[in-house]
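A short worksheet on the structure shown next.
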Amino acid sequence: MKITAIDVFLTCPTRNYVVVKVHTDAGIYGVGEGTLNGSEPIVAEAIRHVSPLLIGRDPRNTEDLWSLIYHWGYWRGGPIYMTALAAIDMALWDIKGKIANLPVYQLLGGASRRGVLCYGHAGGRDEVEIEDSVRSFLERGYRVVRAQLGNYGGLGIVGHEPPVTEGTPPTHFFEPAKYLVSTPRFFEHLREKLGMEVDLLHDVHEQLTPIEAAWLAKQLEPYRLFFLEDALRPEHRNSWKLVREASTTPLAIGEIFSGRWDCLPLFQGGFIDYIRIKPLHVGGITEARKIMMLAEPYNVRSAFHGAADIGPIAQSASIHLQMTIPNSGVQEWTDFRKSDLLCEVFPSPCRFSDGLAVPNEAPGLGIDYNEELGARYPYKQAWMPLVRRQDGTMHVY
Ligand code: GCO
Ligand code: MG
């Protein structure tokens with residue numbers, strides 16, 4: 001069996017997604033996804049760039065092809081290439097499943113659970129709105145809920161500036177004091193109203209210094225978080241010990257990691273409880289599976305990143321993997337089935353029922369890409385907001 005062609009697509013039905021189809025001489029093709037929010041055309045070009053190396057090779061040799069794409073160029077790793085590698089790797093697993101006539105999770109070890117536990121995004125402008133929003137998630141069957149006051153940075157976002165030129169991002173201004181004080185307060189309210197048992201989490205989105213993050217984790221300890229996410233930037237690697245030792249608030253990080261080398265020191269140090277990687281940005285199912293094996297003896301569970309920019313194919317890869325690994329924790333859930341258009345462009349996204357995500361039983365990843373329809377929604381450049389401190393210094397969003 002041989003790979004005959006690799007097609008790359010950029011589409012924007014609701015937001016930008018990068019899709020690949022890997023074709024074979026057996027008449028079977030596999031689909032994969034290479035979306036990297038804001039950098040989609042660069043990943044698409046990286047996939048096109050490596051594709052000639054793959055033509056004529058046996059698509060069933062997923063390990064060897066992973067190594068080939070990782071090692072071919074001497075320069076390796078990083079979000080662009082690891083996402084390009086992920087797109088191809090997912091498509092190869094899709095092909096393998098279609099050959100075997102089995103869903104991918106069966107090839108990875110079968111079902112270890114009925115479905116993958118999910119969390120939804122609750123939020124509001126004040127504590128009562130957040131409480132109502134959390135309740136609405138619980139009513140819809142969610143067992144784990146993220147709670148945010150406003151956007152990332154919460155009340156720490158103290159001002160805004162319009163874009164410098166049309167079509168570029170606005171700037172937000174962040175100062176930590178209001179954020180640090182208001183976050184434990186709204187959790188106190190949620191615990192008073194909802195009790196201690198419901199599983200709640202919070203995303204700091206990397207906005208704090210190490211000592212601020214340690215302080216916040218300590219203040220939140222009485223409210224028993226499911227986890228505190230991205231309390232630090234990944235660059236602050238040497239400060240995890242400080243945050244870890246400040247409290248027993250469980251910690252999660254890793255949504256912008258691109259491979260095992262980012263994860264291992266955090267596992268070995270015993271600094272985290274949940275790892276937020278997902279196949280999409282770490283080189284696919286092949287690598288994400290190995291990372292979760294490395295995590296297991298360190299008692300680290302998955303909390304796969306699943307914002308709306310992790311599209312329906314990448315979501316499906318995440319769900320198949322977490323159906324089987326013993327250390328599945330929770331999946332951040334975006335309900336793509338709510339959009340009829342997305343269901344037509346990507347027939348069909350995973351289902352959500354009773355708080356759990358379930359993969360389709362169709363062979364492979366159980367999802368396809370309708371290229372004719374996708375082509376009607378061309379790529380539109382989009383940006384993350386910019387964040388600065390009030391004195392004008394560039395900050396992280
Ligand atoms: C999350 C994330 C996202 C990211 C986004 C970046 O936990 O859901 O932090 O909202 O900001 O995925 O592309
Ligand atoms: Mg996050």
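The values are calculated or read from the model by the stated rules, or taken from the named source; none is laboratory data. Keep in mind that this is a model prediction, so the values were computed, not measured. Positions of Cβ are generated from backbone atoms using ideal geometry, with glycine treated the same way; all protein chains shown enter the neighbour counts.
Summary of computed values
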| read-out | value |
| --- | --- |
| Answer from GLU45, GLU33, GLU63 - the residue that is buried (at least 16 other Cβ atoms within 10 Å of the Cβ) and of a type in the set (D, E, K, R) | GLU33 |
| GLY306 vs. criteria over 15 Å from VAL116 (Cβ atoms) and outside the structural domain of ASP94 (by TED's automatic domain parsing) | no |
| Unique match (being polar (S, T, N, Q) and in contact with a strand residue (DSSP E or B) (Cβ under 7 Å, 6 or more places away or on another chain)) among SER133, SER67, SER112 | SER133 |
| Residue list for the range 257-287, filter: over 15 Å from the mean Cα position of the chain (by Cα) and either part of a loop (DSSP other than H, G, I, E, B) or not assigned by TED's automatic domain parsing to the domain that holds ILE325 (or both) | GLY270, PHE271, ILE272, ASP273 |
| Residue check, GLU197 free of Cβ contacts under 8 Å to residues at least 24 places away in the same chain and more than 16 Å from ligand 2 (Cβ to nearest atom) | yes |
| Residue match in the range 239-251 (condition: within 22 Å of GLY78 (Cα to Cα), modelled with pLDDT of 95 or more, within 13 Å of ligand 2 (Cβ to nearest atom) and in the same structural domain as GLN331 (by TED's automatic domain parsing)) | no |
| Leading residue by the ranking (nearest to PHE186 (Cα to Cα)) among those in the range 138-156 that are more than 16 Å from ligand 2 (Cβ to nearest atom) and among the aliphatic types (A, V, I, L, M) | LEU155 |
| Scan of the range 252-273 for residues that are under 19 Å from LYS218 (Cβ atoms) and either crowded, with 24+ Cβ neighbours inside 10 Å or within 14 Å of ligand 1 (Cβ to nearest atom) (or both), ordered by number | ALA252, ILE253, ILE272 |
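Listed here are the residues, each with its yes/no results for (1) among the polar types (S, T, N, Q); (2) assigned to a helix (DSSP H, G or I); (3) surrounded by fewer than 19 Cβ atoms within 10 Å (Cβ to Cβ).
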site	(1), (2), (3)
GLY97	no, yes, no
TYR119	no, no, no
ILE130	no, yes, no
GLY141	no, no, yes
TYR152	no, no, no
LEU155	no, yes, no
VAL164	no, no, yes
LYS178	no, yes, yes
VAL181	no, yes, yes
